[in-house]
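Here's the structure, in structure tokens; my notes come after.
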Amino acid sequence: MLTMTGVSKRYDTGDLALNDITLTVPAGQVMALIGPSGAGKSTLIRCVNRLIEPSAGKVVLDGDDITRVRGSALRLSRRKIGMIFQNYALVERLSVMENVLSGRLAYVGFWRSYLRRYPRADIQQAFHLLERVGLESMFDKRGDELSGGQKQRVGIARALMQNPKLLLVDEPTASLDPKTSRQIMRLICELCREQKLAAIINIHDVALAQQFVDRVVGLRAGSMVFDGHPSELSPAVLTSIYGEEDWSVPTDTDNNDDDDSGTDKLVDTLVAGSHP
Ligand SMILES: Nc1ncnc2c1ncn2[C@@H]1O[C@H](COP(=O)(O)OP(=O)(O)OP(=O)(O)O)[C@@H](O)[C@H]1O
């Protein structure tokens, strides 16, 4: 479980990027973080793992006060946080298997990892995860031989190799087509529920978030202006987060998923505020 209490961030430039954020994400809950560009979403995610130092407040994960630890204690706390990135952050010249195993780096140490001497149990876990994300037949392909969706599946498996308590997910679908985006969101959410992981997903695609997550937090100018179930995302709420807009006008987003729905349905869902 993750708890943020009174977290604020003021950059050296004087910008107040986060203003007194208090929230708890229980184990197994997938929370989407939405808000306009510059609202503070990336800053919030990076304050959780201290890639950015909060100016005030406290972040506690699984009993560890992350805001107080440093050095090796901070590294131990960070092992509990898996990250999934928009640009996948794979080592392209390494194989799928090696990329997944690199999720154990914080456990096995640099040299063992460099020499690719992973314990047998780690290799078994990596195979199991590759099977779970649907890439078992690609274990020996190079990172640069994969499609965007396949790369993101490797990124997910690598994050899970850490045996994390929390996943921080930064725009996981921003570079993917609509169908692959849905598959990736579905996979992340299913895995979080299966493994009882808390997750924060920074995402711009509100309709996509609404379809898969348990909870949505809306940021505007660094402050939390919404915290609720996806079904509560009414046009009025969207306006409070993003500002004035005619939310009934469909976007031109292409949607070619084969299992159900299309853009119209997503827009209808948003406008009606219902959760499928
Ligand atoms: N390193 C920095 N130094 C100074 N100000 C920063 C820095 N990084 C971000 N900011 C400011 O903090 C605010 C929040 O930025 P942040 O990147 O967290 O927003 P965001 O919601 O993630 O935006 P986007 O959706 O465009 O990625 C913005 O006003 C931004 O200009």
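Based on the Kirkwood approach, the hydrodynamic radius assigned to region 1-104 is 15.2 Å, with every pair of different Cα atoms included.
Decide, for region 144-185, between rounded, prolate and oblate: order the square roots of the alpha carbon gyration tensor eigenvalues as a ≥ b ≥ c, take rounded if a/c falls under 1.5, and otherwise choose prolate if a/b is larger than b/c, else oblate. Judged from the Cα gyration tensor, region 144-185 comes out oblate (a/c at least 1.5, b/c at or above a/b). Residues of region 64-100 with an amide N closer than 16 Å to a point placed 7 Å from the Cα of GLU145 along the Cα-to-Cβ direction: 91-100.
Less than 5 angstrom separates the built amide H of LYS9 from those of ALA17, LEU18, ASN19, ASP20, SER55, all sequence-distant by 5 or more or on a different chain. Close amide H contacts of LEU219 (hydrogens built in the peptide plane, cut-off under 5 Å, sequence separation of 5 or more or a different chain): ILE34, GLY35, VAL225. About its Cα centre, the chain has a charge dipole of approximately 1880 debye under the convention of +1 per Lys or Arg Cβ and -1 per Asp or Glu Cβ, with nothing else charged. One way to sum up the overall shape of the chain is the equivalent ellipsoid from its Cα gyration tensor, whose semi-axes run 31, 25, 15 Å, largest first.
Highest-first packing order for the peptide set 52-63, 215-226 is 215-226, 52-63, based on the mean count of other beta carbon atoms within 10 Å.
Relative to its residue count, region 114-239 spans a Cα convex hull of 137 Å³ per residue. Please give the contour-minus-distance gain from GLU190 to LYS58: 0.36 nm per residue of separation, less the Cα-Cα distance, rounded to one decimal in nm. Length gained, GLU190 through LYS58: 44.6 nm. Kirkwood's formula applied to the C-alpha pairs of region 99-169 gives a hydrodynamic radius of 12.4 angstrom. Region 1-34 and region 50-100 have their alpha-carbon centroids 15 Å apart.
Fully extending the segment from ASP20 to VAL249, taken as 0.36 nm per residue of separation minus the present Cα-Cα distance, adds 79.0 nm.
For a modelled paramagnetic label at HIS229, 7 Å from Cα along Cα-to-Cβ, the residues of region 179-215 in reach, with backbone nitrogen under 16 Å, are 210-215.
Taken together, the values in this text are just the output of simple stated rules run on the coordinates, not laboratory data. Quick caveat: nothing in here was measured; it's all calculated off a predicted structure. Virtual Cβ from ideal backbone geometry, glycine too; neighbours counted across all protein chains shown.
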